[in-house]
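The values are calculated or read from the model by the stated rules, or taken from the named source; none is laboratory data. Bear in mind that the values here come from a model prediction, so they are computed numbers and not experimental data. Note that we place each Cβ from the backbone using ideal geometry, even for glycine, and neighbour counts take in every protein chain shown.
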Amino acid sequence: MASGDSLFVFTANNNEPPATVAATPDVRANTGDTPDDEVVVLDFDAGATEFAVFAGALARHYDGGGITLVVGYMMSSGASGGVRLDGQFKSLGDGDNPTSKAYAAVQSVTSTVPGTAGIIEYAAITFTNAQIDSLAVGEYFRLRISRDHDHAGDDATGDMEFVFVEGRET
Amino acid sequence: MAVLSDPDREIVWADFMRDLSRDFDSLALSKTDLRAALDATDAWIDSNAASYNSALPAAARVAMSATQKARLFLAVAGKRYGVL
């Protein structure tokens, strides 16, 4: 398949929270709809690093070109500065031990938040094939998303609300 | 009473941002600048605590504990600025 093709999509409802420091489920309501349309989000704190985890199997049309994660988020209150988003993959193939295998190294992006809180922003994190833990087509994987709250580039106040993540062939 | 410790200021800073987020109260200010404002607020309170105490009528000044005086200050300030 080609660059840009979608490989997986996860929304906030797909989160498999870690045992501790998990991003908090929340909703953002559109009171202009009848009934109110409630977007389920995951709140990532501004004062502590929190995590969300998603699981799937890599689509068989992946061509080995690496993966670009596109994260859709909005800010609860912050309207200036940036957020530092981290992504990590863990492949669990035939023979791997899910209770002991570690995540591959973090890849990151610093995204400038929208000038208005509550507006969705898309931020991209790119991974080479090696950086996705050499994940192979059809293999089970876990994707961990976090906000590095004390990184120098993470200076936007208030919660970052995760909406969704898409993995695309780079 | 001295200014808040750095860990205590950090707790207030994190809680304040959570409160803003809960209320979807927009703020175009960096975390660093917010922290500077918090530190300045704490320093101002520390510098003016004696002045506030002196401004209270003698009966209240004598009968109220420091914590009660702080609660009174919060109640009035909150009402004045629509927080409470």
Name the residue, out of A:169, A:161, that is touching a Phe, Trp or Tyr at 6+ places or on another chain (Cβ under 7 Å), under 28 Å from residue B:19 (Cβ atoms) and either more than 14 Å from chain B (Cβ to nearest Cβ) or crowded, with 21+ Cβ neighbours inside 10 Å (or both).
-> A:161
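For every residue, the table says whether it meets (1) assigned to a helix (DSSP H, G or I); (2) within 14 Å of chain A (Cβ to nearest Cβ); (3) not polar (S, T, N, Q).
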| site | (1), (2), (3) |
| --- | --- |
| B:8 | yes, yes, yes |
| B:13 | yes, yes, yes |
| B:18 | yes, yes, yes |
| B:34 | yes, yes, yes |
| B:50 | yes, no, yes |
| B:54 | yes, no, no |
| B:68 | yes, no, no |
| B:73 | yes, no, yes |
| B:83 | no, no, yes |
Residue among A:152, A:156, A:117, A:123 that is out of contact with any Pro (no Cβ under 9 Å at 6 or more places or on another chain) and at pLDDT below 95 | A:117
Give the residue, chosen from B:77, B:14, that is in contact with an Asp or Glu (Cβ under 8 Å, 6 or more places away or on another chain) and of a type in the set (A, V, I, L, M).
-> B:14
Tell me, which residue of the stretch A:117-140 that is touching a Ser or Thr at 6+ places or on another chain (Cβ under 7 Å) and farther than 20 Å from residue A:3 by Cβ is nearest to the other protein chains (Cβ to nearest Cβ)?
-> A:117
